[in-house]
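Visitor: Before anything else, here's the structure in question.
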Amino acid sequence: MINDSRFQNIRVYWLAFIAYWGIVLFGYDTGIGGGVVSQTYFKEHFGLLNPDGTTNAAKSDNVSSLVVSVLQAGAFFGALGSAPISAAIGRRWSLLSFMTIFSVGAILQTVAGGSRGIGYIYAGRVVAGVGIGAISAVAPAYVSECSPKEVRGRITGLFQIMVAVGVMISYFINFGVGLHITTGPNVWRIPLGFQLVPAGIMSFGLLTVKESPRWLASKGRNEEAIMNLAYLRRRHVDDAQIRMEMAEIEAAIEEERAARKGLGFREAFLGKGNFIRFVIAVVIFVLQQWSGQNSVNYYAPQIFTSIGYTGTKNSLLASGIYGVVKVVATALFVFFLVDTLGRKMALFISAMGMGTLFFIIGALLKTHPPPKDGADPPPASKAMAAMLYIYVCFYSMGWGPLPWVYVSDIFPTRTRHYGLATASASQWLFNFVLSKVTPTLVTDLGYKIFLMFATINIGGMGVFALLIPETKGRSLEEMDVIFGTITAEKRKADIEKRERAMEHEQNETTSEQSIDKKV
């Protein structure tokens, strides 16, 4: 097989690009809800206005939080339910199945209106949530299992780029609808119906990619596994590097089987070296959700209104620019820094930067409150918007992409689907909590919401980053050594044993072929 080192991992990048179209939907759905609900015709059609035409704040906050949060509720159960399905039928077919479920939910949301009340939107968001929650658990596991260790952080980090792309698209679709469509059901049908576009791209794209070699090996389908591994690395099946990687995968799986013999589901969570990984997976996502970023994501128009960008056009445009900054910052970090800076240092710098900027925004909002008369944003409001844009750069260099990268790193093959499902479920659970309470927090706390998030950034996330082990440049199979499941000496001996066995098998095959030729 002819190789060009510049494109050595092109098939893995293509696989990640396809698998992560479901993650575009993750971002799109988190950004679209707040903008749809803020449209005047939506409020009028679904009874969220007072008799005098003003917004009923209590009703609007309630519907806004429900439209956003019921998606997270469905996603929580989807993420938990994905583990046994992914383990049974594989990563690729799981993604295709869950995308079908998501599409049903998207259609329900789109047809709402007229005699079909807001209940269709709620129901559709729950069903779509089940699909998107499962995809958010399976996709990073799939991509991580197919990626070589040298660029795994970069490829797995594409997750957050795709989230950011989804959020950005949602902001600009809301902005376009807000500018050009003021009445009629298209106010929500265009933004909600657009979800079917990424769904279609991913569904057809999955037909062009291979199953995870590590999942195939865990099912004893070693011939298929090494063929897929060679295909993804663009090398021959007899290449020394392919044989070495396959030996490491098989050694890790054999160790897990031996350690888990006679034990069941409980061992996946409580086995030696496993429990701490689940604790890290849950805590890292709880902290990520309380960083303040998703509050800005979900309710960007309302957040920018609260700091002085009044009027639909101003608030949606400011949100759109925020989305662009997030995509660019995430892409720069993932492609140029994630595999050089290291996980710990990036998380620490990210937390410190976010906390400092939120403290500044809170102080400015307290000392320079925005005008109430709908005038153009004053200099203090522009400064706060600029701080939010810089804040998202710090988020994008650490606490945005790295929790998914880190959690994809730390779990062994046979428990990775449980680990990713647990991590994703905790992410969606606190997503749900945060999206439900954010409208009320923005209304009730004012500037104090930024001080609250700043304290969590520095006091919680910064400290946590210093306590976790570094995983940069380590293979997935080395994580067992890092977390104490097995000693480095035992792992080395197991790999050498597997290499000898594979060499013996290869020699036997060569001898048989020579005899056949002579005959």
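The values are calculated or read from the model by the stated rules, or taken from the named source; none is laboratory data. Since this is a predicted model, take the numbers as computed values, not measurements. Every residue, glycine among them, receives a Cβ derived from its backbone with ideal geometry; neighbour counts consider all protein chains shown. Surface accessibility is based on the protein's heavy atoms, side chains included, excluding ligands, DNA and RNA. Shrake-Rupley method; radii C 1.70, N 1.55, O 1.52, S 1.80 Å.
Each row is one residue, and each column tells you yes or no for (1) at pLDDT 80 or above; (2) crowded, with 18+ Cβ neighbours inside 10 Å; (3) in contact with a Lys or Arg (Cβ under 6 Å, 6 or more places away or on another chain).
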residue	(1), (2), (3)
247	yes, yes, yes
250	yes, yes, yes
262	no, no, no
289	yes, yes, no
293	no, yes, no
299	no, yes, no
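Condition check ((1) modelled with pLDDT of 90 or more; (2) over 27 Å from residue 11 (Cβ atoms); (3) under 26 Å from the mean Cα position of the chain (by Cα)) across all residues:
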| residue | (1), (2), (3) |
| --- | --- |
| 184 | no, yes, no |
| 187 | no, yes, no |
| 195 | yes, yes, yes |
| 200 | yes, no, yes |
| 203 | yes, no, yes |
| 210 | yes, no, yes |
| 216 | yes, no, yes |
| 220 | no, no, no |
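Visitor: Tally time: how many residues in segment 303-342 are open to solvent by 10 Å² or more (accessible area, probe 1.4 Å), under 30 Å from residue 153 (Cα atoms) and either in the same structural domain as residue 65 (by the TED database) or modelled with pLDDT of 70 or more (or both)?
Guide: The qualifying residues number 13.
Visitor: So the check is Cβ under 9 Å with 6+ separation or different chains; which pairs have a first residue in segment 245-257 that's within 14 Å of residue 221 (Cα to Cα) and a second one that's open to solvent by less than 10 Å² (accessible area, probe 1.4 Å) and of a type in the set (Ser, Thr, Tyr)?
Guide: 249/413; 253/413
Visitor: Does any residue of segment 110-124 turn out to be in a helix (DSSP H, G or I), under 25 Å from residue 434 (Cα atoms), open to solvent by 10 Å² or more (accessible area, probe 1.4 Å) and among the hydrophobic types (A, V, I, L, M, F, W, C)?
Guide: Checking segment 110-124: at least one residue is in a helix (DSSP H, G or I), under 25 Å from residue 434 (Cα atoms), open to solvent by 10 Å² or more (accessible area, probe 1.4 Å) and among the hydrophobic types (A, V, I, L, M, F, W, C).
Visitor: Further, regarding this structure: How many residues are within 15 Å of residue 191 (Cα to Cα) and either among the aliphatic types (A, V, I, L, M) or in a loop (DSSP other than H, G, I, E, B) (or both) if we restrict to segment 96-109?
Guide: 3
Visitor: Mind checking which residues of segment 50-101 are more than 30 Å from residue 37 (Cβ to Cβ), β-branched (Val, Ile, Thr) and touching a residue at least 24 places away in the same chain (Cβ under 8 Å)?
Guide: Result: 85, single match.
Visitor: Is it the case that residue 445 is closer than 24 Å to residue 277 by Cβ and not assigned by the TED database to the domain that holds residue 58?
Guide: no
Visitor: Scan segment 74-109 for residues that are surrounded by 22 or more Cβ atoms within 10 Å (Cβ to Cβ) and over 18 Å from residue 138 (Cβ atoms) and jot them down.
Guide: Of everything in segment 74-109, those that are surrounded by 22 or more Cβ atoms within 10 Å (Cβ to Cβ) and over 18 Å from residue 138 (Cβ atoms) turn out to be 106, 109.
Visitor: With the condition being surrounded by 19 or more Cβ atoms within 10 Å (Cβ to Cβ), at pLDDT below 75 and in contact with a helix residue (DSSP H, G or I) (Cβ under 7 Å, 6 or more places away or on another chain), I'd like the helices (runs of 4 or more DSSP H) fully within segment 417-519 carrying at least 1 qualifying residues.
Guide: 488-518
Visitor: Of all the residues that make up segment 33-73, how many are among the β-branched types (Val, Ile, Thr) and buried (at least 19 other Cβ atoms within 10 Å of the Cβ)?
Guide: Matching residues across segment 33-73 total 6.
Visitor: Which ones in segment 42-95 are over 30 Å from residue 216 (Cβ atoms) and not in a helix (DSSP H, G or I)?
Guide: Correct list: 46, 47, 48, 49, 50, 51, 52, 53, 54, 55, 56.
Visitor: Tell me which residues, restricted to segment 380-410, are modelled with pLDDT of 80 or more and among the aromatic types (Phe, Trp, Tyr).
Guide: Within segment 380-410, 389, 391, 394, 395, 399, 406 qualify.
Visitor: Among the residues of segment 176-225, what is the count of those that are basic (Lys, Arg) and farther than 30 Å from residue 252 by Cα?
Guide: The total comes to 1.
Visitor: Let me ask you something else. So which residues in segment 349-363 are over 16 Å from residue 153 (Cβ atoms) and open to solvent by 40 Å² or more (accessible area, probe 1.4 Å)?
Guide: Passing the criteria: 352, 356, 359, 360, 363.
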